[in-house]
Amino acid sequence: MSTAMPDAGSASIAPLAAAGDAGLGAFSYCSQQYRVVFGAGTSARLGEESERLGIKRALVLTTREQQDLGRRLGAGLGDRLAGLYAGARMHTPVEVTNEALGIVESRDIDGLVAIGGGSTVGLGKALSLRTGLPHIAMPTTYAGSEMTPILGETSNGIKTTQQSQDLVPDTVIYDVDLTVSLPPQISAASGLNAIAHAVEALYAPEANPLTSLMAEEGIAALARALPRIMTAPADIGARRDALYGAWLCGVCLGAVGMSLHHKLCHVLGGMFDLPHAETHAVVLPHAAAYNAAAAPNAMARVARALHSADAPQGLFELARQLGLPRALSEIGMPEAGIARAAEMAVRNPYANPRPVERAPIEQLIAAAWRGDVPAPH
Ligand code: NAD
């Protein structure tokens with residue numbers, strides 16, 4: 001069974017200034033409560049932002065790889081720094097959260113500072129949910145978790161997801177300088193992953209003029225920044241654009257529901273243990289092609305943001321320009337898994353502009369597996 005949804009963003013399309021015109025459909029818009037501090041060098045404001053939240057004994061969270069960064073930035077907390085926990089890991093394992101919770105309790109911690117990508121921010125969310133402590137996030141990738149009320153946790157290999165306003169960090173310090181060390185190839189894949197949030201936000205059932213503005217702007221900022229980052233990873237202007245775009249795409253992910261593309265990536269990643277961001281990069285042009293005819297206004301906005309005549313082709317071309325993998329076969333998916341993945345992807349109904357049907361979904365996955373130029377099936 002599948003669910004067809006209208007192209008909900010349709011009434012707010014070109015020109016952008018028409019957002020208040022008659023013809024604009026009814027919508028609801030709900031914003032998250034958070035404070036954003038954005039710019040180059042903003043991590044110097046960590047002490048001041050901690051003071052604002054009344055934090056006196058902060059625990060800094062990082063991955064093992066980023067512990068030196070945690071130590072360096074944590075020093076900015078002065079005598080508000082009470083400890084560093086450098087055990088954050090992908091998919092927020094509950095045993096990691098419990099270990100960190102032990103430190104929170106034994107050291108009388110009254111605030112959390114997560115410095116890193118989605119894995120570290122996930123740990124910050126898991127701890128703040130359990131303790132009610134204030135949470136400052138300092139993102140160093142383009143994943144966008146800091147903007148969402150969503151937490152995915154794993155326990156005994158099983159992933160569960162929950163949603164709560166309490167998960168949104170109180171303050172997000174986006175320091176462009178912290179993203180310069182993100183290797184170009186990872187920046188590209190992480191950036192394409194962020195673009196995927198915005199593409200699906202444009203045709204989400206809850207799409208509204210505000211999220212659509214942010215989605216188009218987010219895609220445009222990332223699309224102009226990522227090719228520059230590939231050739232000049234330390235270009236602060238490009239890094240600023242990319243982080244700005246990632247912020248906007250993260251807001252979209254937190255504000256509206258995702259559809260076919262995210263479902264496919266979830267299924268493929270889970271079944272074949274594929275790399276998360278690269279899977280997004282490969283599937284996105286094909287998911288866009290699948291939905292293109294059913295979401296023409298969303299596609300027009302994506303194409304406009306990419307300066308391309310066609311959204312799926314523009315996304316495919318961007319991935320090519322960034323040197324990202326373009327076939328699921330390149331990133332470890334077995335050909336024998338195509339039919340099984342299609343079966344899983346249509347098992348539960350979810351909102352999507354075009355009905356999600358078994359035969360064309362299998363063709364989509366097969367095309368993505370081979371690395372074909374995207375075409376509607
Ligand atoms: P990550 O946080 O796992 O980081 C990947 C690796 O890159 C880590 O080793 C990290 O230390 C390193 N790294 C991070 N920033 C760096 C930098 N600037 N320079 C050098 N190395 C750096 O990766 P991610 O893609 O940011 O996050 C993925 C995780 O986030 C997944 O678990 C995913 O499910 C989750 N996520 C959750 C949401 C949500 O809304 N809940 C949204 C997006 C992602």
The range 241-260 - residue that is surrounded by fewer than 24 Cβ atoms within 10 Å (Cβ to Cβ) and more than 14 Å from the ligand (Cβ to nearest atom) and, of those, farthest from I173 (Cα to Cα)
D241
Residues in the range 213-225: is at least one without any contact (Cβ under 8 Å) to a residue 40 or more places away in the chain, outside the structural domain of L328 (by TED's automatic domain parsing) and within 26 Å of Y29 (Cβ to Cβ)?
no
Looking for something in contact (Cβ under 8 Å) with a residue 40 or more places away in the chain, within 24 Å of C249 (Cβ to Cβ) and within 11 Å of the ligand (Cβ to nearest atom) - is there at least one such residue anywhere in the range 93-106?
no
Quick test for you: out of R71, R64, pick the one residue that is within 16 Å of the ligand (Cβ to nearest atom), within 25 Å of the chain's Cα centre (by Cα), over 17 Å from H135 (Cβ atoms) and among the charged types (D, E, K, R).
R64
Can you tell me which residues in the range 142-181 are free of Cβ contacts under 8 Å to residues at least 12 places away in the same chain and either within 7 Å of the ligand (Cβ to nearest atom) or part of a loop (DSSP other than H, G, I, E, B) (or both)?
N156, G157
Could you please give the count of residues in the range 132-164 that are out of contact with any strand residue (DSSP E or B) (no Cβ under 8 Å at 6 or more places or on another chain) and among the β-branched types (V, I, T)?
2
In this structure, does Y203 turn out to be within 30 Å of L322 (Cα to Cα), modelled with pLDDT of 95 or more and not assigned by TED's automatic domain parsing to the domain that holds E48?
yes
Hey, any hits in the range 182-203 for a residue that's among the hydroxyl-bearing types (S, T, Y), near the ligand (Cβ under 8 Å from one of its atoms) and over 12 Å from the mean Cα position of the chain (by Cα)?
no
Where residues in the range 25-43 are more than 13 Å from the ligand (Cβ to nearest atom), closer than 16 Å to P139 by Cβ and among the small types (G, A, S), which of them is farthest from the chain's Cα centre (by Cα)?
G41
3 or more residues within 24 Å of W247 (Cα to Cα): qualifying helices (runs of 4 or more DSSP H) within the range 27-127:
46-52, 67-74
Would you check if G122 is within 8 Å of the ligand (Cβ to nearest atom), without any contact (Cβ under 8 Å) to a residue 60 or more places away in the chain and touching a strand residue (DSSP E or B) at 6+ places or on another chain (Cβ under 9 Å)?
yes
Within the range 320-368, track down each residue that is within 20 Å of A188 (Cα to Cα), in contact (Cβ under 8 Å) with a residue 40 or more places away in the chain and in a helix (DSSP H, G or I).
Q321, L328, S329, E330, I331, A368
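The values are calculated or read from the model by the stated rules, or taken from the named source; none is laboratory data. Bear in mind that the values here come from a model prediction, so they are computed numbers and not experimental data. Note that each Cβ is placed from the backbone with ideal geometry, even for glycine, and that neighbours are counted across all protein chains shown.
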